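Participant: Please see the structure below; I have some questions.
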Amino acid sequence: MSDEFLRQLINVGEVDIVVGVSTHNNAKTIGPVVAAIQAGILKCFPRERVAIINADGGSQDGTTELVEKVSIDDLWREHKVYALRTLHSISARYARIPDPSKALQTILAAADLLHAKSCAFISPESTTIEPDWLQRLVRPIYNENFDLVCPIYVRQRSEGALMRNVLYPMTRSIYGCRIREPYGSEFAISGRLAGDFLAKGISNEDWGRMGPEISMTIMAVAGKYRVCQSFLGAKALVGHGTQDVVSVMRRTVGALFASMDPNFPVWSAITGSEAPPTFGTSTEVENEAVRINRKRLLDMFATGVAQLEPVLGSILPESVLSELKRIAALGLNEFEYPAELWTKTVFEFAASYHKSTISRDHIIQALVPLYRGRSLTFLSENRNGSGEDVETREESLCTDFERLKPYLLESWADRK
Amino acid sequence: MPYVEESLSPKLEPGWYKNATIYQVHVRTFYDSNGDGVGDFAGLAQRLDYLQELGVNAIWLMPFFPSPLRDDGYDISDYRSVHPSYGTLEDFKSFLTMAHQRGLRVIIEMVLNHTSDQHPWFQESRSARDNPKRDWYVWNESDAKYRGTRIIFLDTEMSNWAWDPISKSYYWHRFFGHQPDLNYDNPAVREEMWQVMKFWLEMGIDGFRLDAVPYLIEREGTNCENLPETHAIIRDLRKRVDDEFPNVMLLAEANQWPADLRPYFGNGDEFHMAFHFPLMPRMFMGVRLEDRKPITEILQQTPEIPATCQWCLFLRNHDELTLEMVTDIERDYMYDIYARDKAMRLNLGIRRRLAPLLDNDRRRIELMNGMLLSLPGTPIIYYGDEIGMGDNIYLGDRNGVRTPMQWSGGWNGGFSNADPERLYSPPILNPVYGYQAVNVLSQKRSPHSLLSWMQHILQIRRSTPVFGSGSIEFIHPANHRILAYIRQLGKETILVVNNLSSAAQSVELDLRRYKGNILIEMFGRNIFPRIGDLPYLLTMGPYQFYWFRLRQI
């Protein structure tokens, strides 16, 4: 922590709430996001001592300056809210290149130094943020002593393939907690959880380093902290263009897999799952027609299965691999990556990751083309379905994950 | 001929009020000299040495005129006499002489806006519609006039009009129904009220606190407050005062926002001083929020006033801690923090004394007094707050903050020899604030008592005219818990740094403009390091404050 950052924290003093925003070249969106955060603070927590901590990973586009420039005086004009007390916005550059783990650590360290009772994290790209989001994230910690509040976003039926096909069902079956968004770009934690996360050095472990956000969720559910969910609203779709799926998979699935080693005594004893308390109400959104190049997805899947066959052979048992090869040969209209096969695939990858049958990073990379195949099925199934249909299929997949957990345990223990 | 004695009123210096420290007291509450259970002028006169030792140099007396006392004397039934419970006119004159002999100025209350319904003027006015005094009050056949006017005493009054069964018409009252408003559109009223003021001015008083001034005139289609005609009346009174009694001070009681209050100073031709009502709740707010924002914000919104004028600052007074001049969110906060018990609330305010408001926390009491005495304005100390007296929220109206002064741990707290049952008000008896625990005698014996501390800080304030007459410039350190400002007058510069927090704080002050100066802490006279190019670093204990004199050596 730099002396300058420390000096700013000294000026802030003790706070009740820290709102952390991790940025890197977010000049296009950061201004309105910070303004919405400030409006949320003034509307929902007018009496609390709050600081906005911006951990920046070397922005070159003036992001940090924009954070500090947003003035609470403007809120009176726009939102008709009035500040009872001083609201600090601090920007700290933790590194020259972005590192989510260091960003999280920086914000948590600040929250710890400031004795924050709760710490909310907001994505700088959440342009759909409403001032109420802050309340929905922080209030359960404040009023009901929860330690982790995960978001539930209103998603289009075609959105969230990774969350709906891997992260949610896997986390749910492994750790027995039905957290819909274990990897949310918005979440809030208690001061207790923040302190423990730092004290246990989770950020320095593989899973914490790889996926700091999801590792927070895993630590909370595995550590029996009080966890709940809160409905937010529509998640902003950020036009990242060619999103690097591999790096997202590393950060999420990789971290999830990595977390299973140290937490084996916990998760191996869990059967079934329970829904955490959920606050707020879901709101329906209209389905938007999304153009998806299904053929490209199928090609990527089929090519991956063909080209990575030796790698997949070292990860998957023959029964699973032959099924994959079979569906890879199907035409676009016949193609289906069944839920059970997908579940077994993911579990086998998790077990291989545990045993490091090959380089762990290669394992994650090898999962990517298979995930594209599963995404194709997900998108095809939901193309014409209602929101309820999407929910039903999602629940069915989760049931498969839970039902097949003994399969995972077997693979974990026996298969070489 | 009115009573005039030159020696009673030593020549008033122009602007004397700017460097005054005013002690607000009701004669009834201070000291009972004749054992009838009610404080009186002879008693007050006996206690003038105490006020002199305390270090104040002006006394503001609350109404002491004959009155049915249905509003603690603000319902006057005779403007030219003294309520018999408090003594005689001769007693008052004697008190005035003794006060002046001790260098204490005397400011008296003048309720211009209304009288008691027992005042002979009103009795005449209501007696017949053709009575010459009929037009001395504001009458109407219906209660439909001036509908845009707010009701001030929301807890007790439903309307600003009251039905008079005798004259079978409505009369106008901005305060209680038993306080009919005088009709200032009537020149005879204006002339008579000037004669009333002149009566006391010729006796030698040094100033008036003019009560409820925004409400003198009513006009349809307005909120009947702050009207131009009201200002014209004030200007006229001021001119008469200046012409005949130069340097006598007029203090406005107008519970308004600073921008609305500003016209009451006029071009230096209306009031000399006015209470800064919005600042007071924000000082309490700032200390509780541990944030200077409420204080700096309101002072930045405070307009400049003519050089001869001055704000009057106070922490507490005889009324409730008024929350009219705050936003809804601030009012809710103040109620939740300072008046959780509903019995503590009255109208739009909190009826509590300083010490209980601050949880009897000596450090916070000192900090609040430190700010009161160092911010720009003339400070007013409410009687008993200098020893940390408590209140009794179970007494009606605002009587809980008007209990007998606690002089000793003896009989009735040394206030009166009467039987306790005979006292005008029960004294505070609880183990924390009761007179056995909190009293002048015991605090005089301890150099570390609140009273001794107050004497010390008042002495320091008196040592320089900067606090009374100097300019203010805020310093804005990044630590929002620190309220820091520079007071300057001529070549004298004082740095004030207040820690509003309950925890120790460090602060870096940008004092480069004063590079080369050393800081001399005014309480201990210790020297602090010289100001250089770097931010000046101070560490401060919880609720600590510093007054530094800057010296170029």
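The values are calculated or read from the model by the stated rules, or taken from the named source; none is laboratory data. In this text the structure is predicted, and so the values were computed from the model without any measurement. Methodologically, a virtual Cβ is constructed for each residue, glycine included, from the backbone with ideal geometry; neighbour enumeration extends over all protein chains shown.
Participant: Find the residue count for segment B:210-265, including only residues that are hydroxyl-bearing (Ser, Thr, Tyr) and part of a loop (DSSP other than H, G, I, E, B). Please lay out each step first, then the result.
Facilitator: At the first step, the residues of segment B:210-265 found to be hydroxyl-bearing (Ser, Thr, Tyr) are B:215, B:222, B:230, B:264.
Cutting the leftovers down to part of a loop (DSSP other than H, G, I, E, B) gives us B:222.
Of the residues in segment B:210-265, 1 are hydroxyl-bearing (Ser, Thr, Tyr) and part of a loop (DSSP other than H, G, I, E, B).
Participant: Here's a follow-up. Can you name the residue in segment B:415-453 that is assigned to a helix (DSSP H, G or I) and free of Cβ contacts under 8 Å to residues at least 60 places away in the same chain and is also surrounded by the most Cβ atoms within 10 Å (Cβ to Cβ) among such residues? Full working, then the answer.
Facilitator: So in segment B:415-453, the residues assigned to a helix (DSSP H, G or I) come out as B:420-422, B:440-444, B:450-453.
With the extra rule that they be free of Cβ contacts under 8 Å to residues at least 60 places away in the same chain, the set shrinks to B:420-421, B:441-444, B:452.
Details: B:PRO420: 14, B:GLU421: 7, B:LEU441: 16, B:SER442: 17, B:GLN443: 21, B:LYS444: 17, B:SER452: 14.
Ranking the qualifying residues of segment B:415-453, first place goes to B:GLN443.
Participant: If a residue counts only when it is within 22 Å of A:GLU391 (Cβ to Cβ) and more than 10 Å from the chain's Cα centre (by Cα), which helices (runs of 4 or more DSSP H) contained entirely in segment A:162-220 have at least 2 such residues?
Facilitator: Working: elements: A:168-175, A:191-199, A:206-210.
Hits in segment A:162-220: A:168-175.
Participant: Before we move on, is B:GLY35 part of a loop (DSSP other than H, G, I, E, B), crowded, with 22+ Cβ neighbours inside 10 Å and out of contact with any Gly (no Cβ under 7 Å at 6 or more places or on another chain)?
Facilitator: So B:GLY35 fails the test.
Participant: Cβ-Cβ under 6 Å, sequence separation 6+ or interchain: first residue in segment B:498-511 and more than 7 Å from chain A (Cβ to nearest Cβ), partner part of a strand (DSSP E or B) and of a type in the set (Ser, Thr, Tyr). Which pairs?
Facilitator: B:LEU509/B:TYR536; B:LEU511/B:TYR536
Participant: A further question on this structure: Of the residues A:LYS43, A:LYS69, only one is among the charged types (D, E, K, R) and away from every other protein chain (no Cβ under 12 Å); which?
Facilitator: Unique residue meeting the criteria: A:LYS69.
Participant: Any chance you could count how many residues in segment B:80-104 are surrounded by fewer than 23 Cβ atoms within 10 Å (Cβ to Cβ) and within 21 Å of the chain's Cα centre (by Cα)?
Facilitator: Looking only at that region, the number is 3.
Participant: Looking only at residues that are surrounded by fewer than 21 Cβ atoms within 10 Å (Cβ to Cβ) and out of contact with any Phe, Trp or Tyr (no Cβ under 7 Å at 6 or more places or on another chain) in segment B:168-187, which one is farthest from B:ARG238 (Cα to Cα)? Walk me through how you get there before you give the answer.
Facilitator: Of all residues in segment B:168-187, those surrounded by fewer than 21 Cβ atoms within 10 Å (Cβ to Cβ) come to B:168-170, B:176-178, B:185-187.
Pick out the ones that are also out of contact with any Phe, Trp or Tyr (no Cβ under 7 Å at 6 or more places or on another chain) and you get B:168, B:177-178, B:185, B:187.
Numbers: B:LYS168: 37, B:GLY177: 29, B:HIS178: 29, B:ASP185: 18, B:PRO187: 16 Å.
Filtering first and then ranking leaves B:LYS168.
Participant: Of all the strands (runs of 3 or more DSSP E) wholly in segment B:105-202, which have at least 2 residues that are under 24 Å from the mean Cα position of the chain (by Cα) and in contact (Cβ under 8 Å) with a residue 24 or more places away in the chain?
Facilitator: Details: elements: B:105-111, B:161-164, B:169-172.
Strands (runs of 3 or more DSSP E) meeting the threshold: B:105-111.
Participant: Here are A:ALA39, A:ALA95, A:ALA110, A:ALA51: which of them is in a loop (DSSP other than H, G, I, E, B) and in the same structural domain as A:LYS235 (by TED's automatic domain parsing)?
Facilitator: Details: A:ALA39 fails: in a loop (DSSP other than H, G, I, E, B); A:ALA110 fails: in a loop (DSSP other than H, G, I, E, B); A:ALA51 fails: in a loop (DSSP other than H, G, I, E, B).
Exactly one of A:ALA39, A:ALA95, A:ALA110, A:ALA51 is in a loop (DSSP other than H, G, I, E, B) and in the same structural domain as A:LYS235 (by TED's automatic domain parsing), namely A:ALA95.
Participant: Please go through segment B:394-411 and give me each residue that is without any contact (Cβ under 8 Å) to a residue 60 or more places away in the chain and more than 15 Å from B:ALA343 (Cβ to Cβ), ordered by number.
Facilitator: Hits for segment B:394-411 are B:GLN406, B:SER408, B:GLY409, B:GLY410, B:TRP411.
Participant: Shifting gears a bit: Suppose the filter is touching a helix residue (DSSP H, G or I) at 6+ places or on another chain (Cβ under 7 Å) and either touching a residue at least 24 places away in the same chain (Cβ under 8 Å) or buried (at least 19 other Cβ atoms within 10 Å of the Cβ) (or both); does A:SER118 pass it? Break it down stepwise before answering.
Facilitator: Working: touching a helix residue (DSSP H, G or I) at 6+ places or on another chain (Cβ under 7 Å): yes; either touching a residue at least 24 places away in the same chain (Cβ under 8 Å) or buried (at least 19 other Cβ atoms within 10 Å of the Cβ) (or both): yes.
Here the answer is yes, as A:SER118 does meet what is asked.
Participant: OK, next. So, of the residues in segment A:22-40 that are in contact with a strand residue (DSSP E or B) (Cβ under 8 Å, 6 or more places away or on another chain) and farther than 20 Å from A:GLN135 by Cα, which turns out to be nearest to the other protein chains (Cβ to nearest Cβ)? Working first, answer last.
Facilitator: As a first pass, look at segment A:22-40 and keep what is in contact with a strand residue (DSSP E or B) (Cβ under 8 Å, 6 or more places away or on another chain): A:22-24, A:30, A:33-34, A:37-38.
Next, from what is left, pick out any that are farther than 20 Å from A:GLN135 by Cα: A:23-24.
Numbers: A:THR23: 21, A:HIS24: 25 Å.
Once the filter is applied, the top-ranked residue is A:THR23.
Participant: Of A:ILE363, A:ILE327, A:ILE358, which residue is over 11 Å from A:SER411 (Cβ atoms), in contact with a Ser or Thr (Cβ under 7 Å, 6 or more places away or on another chain) and in a helix (DSSP H, G or I)?
Facilitator: Being over 11 Å from A:SER411 (Cβ atoms), in contact with a Ser or Thr (Cβ under 7 Å, 6 or more places away or on another chain) and in a helix (DSSP H, G or I) holds for just one of A:ILE363, A:ILE327, A:ILE358, which is A:ILE363.
Participant: Could I ask something else about it? Taking only segment B:323-333 into account, find how many residues are more than 10 Å from every other protein chain (Cβ to nearest Cβ) and either among the aromatic types (Phe, Trp, Tyr) or surrounded by fewer than 20 Cβ atoms within 10 Å (Cβ to Cβ) (or both).
Facilitator: Residues meeting the conditions: 2.
Participant: Name the strands (runs of 3 or more DSSP E) wholly inside segment B:458-553 in which the number of residues that are under 25 Å from the mean Cα position of the chain (by Cα) and under 25 Å from B:VAL287 (Cβ atoms) is 2 or more.
Facilitator: Working: elements: B:471-475, B:482-489, B:492-499, B:505-509, B:517-521, B:536-540, B:545-552.
So the answer is B:471-475, B:482-489, B:492-499, B:545-552.
Participant: For the structure I just gave you, tell me whether B:ASN267 is surrounded by 21 or more Cβ atoms within 10 Å (Cβ to Cβ), away from chain A (no Cβ under 13 Å) and of a type in the set (S, T, N, Q).
Facilitator: Values: surrounded by 21 or more Cβ atoms within 10 Å (Cβ to Cβ): no; away from chain A (no Cβ under 13 Å): yes; of a type in the set (S, T, N, Q): yes.
Here the answer is no, as B:ASN267 does not meet what is asked.
Participant: Continuing with the same structure: Quick check on my filter: what residues within segment B:473-497 are within 14 Å of chain A (Cβ to nearest Cβ) and either among the hydroxyl-bearing types (Ser, Thr, Tyr) or surrounded by 21 or more Cβ atoms within 10 Å (Cβ to Cβ) (or both)?
Facilitator: Of segment B:473-497, the ones within 14 Å of chain A (Cβ to nearest Cβ) are B:474-484.
Selection gives B:PRO477, B:ASN479, B:HIS480, B:ARG481, B:ILE482, B:LEU483, B:ALA484.
Participant: Might you check whether a residue that is over 16 Å from the mean Cα position of the chain (by Cα), outside any loop (DSSP other than H, G, I, E, B) and touching a residue at least 60 places away in the same chain (Cβ under 8 Å) occurs anywhere in segment A:235-248? Outline the logic, then answer.
Facilitator: Our first condition is that a residue be over 16 Å from the mean Cα position of the chain (by Cα); within segment A:235-248, this holds for A:239-242.
Subset that is outside any loop (DSSP other than H, G, I, E, B): none.
Within segment A:235-248, not a single residue is over 16 Å from the mean Cα position of the chain (by Cα), outside any loop (DSSP other than H, G, I, E, B) and touching a residue at least 60 places away in the same chain (Cβ under 8 Å).
Participant: Can you spot a residue in segment A:368-381 that is out of contact with any helix residue (DSSP H, G or I) (no Cβ under 8 Å at 6 or more places or on another chain) and without any contact (Cβ under 8 Å) to a residue 40 or more places away in the chain?
Facilitator: No, there is no match, as no residue in segment A:368-381 is out of contact with any helix residue (DSSP H, G or I) (no Cβ under 8 Å at 6 or more places or on another chain) and without any contact (Cβ under 8 Å) to a residue 40 or more places away in the chain.
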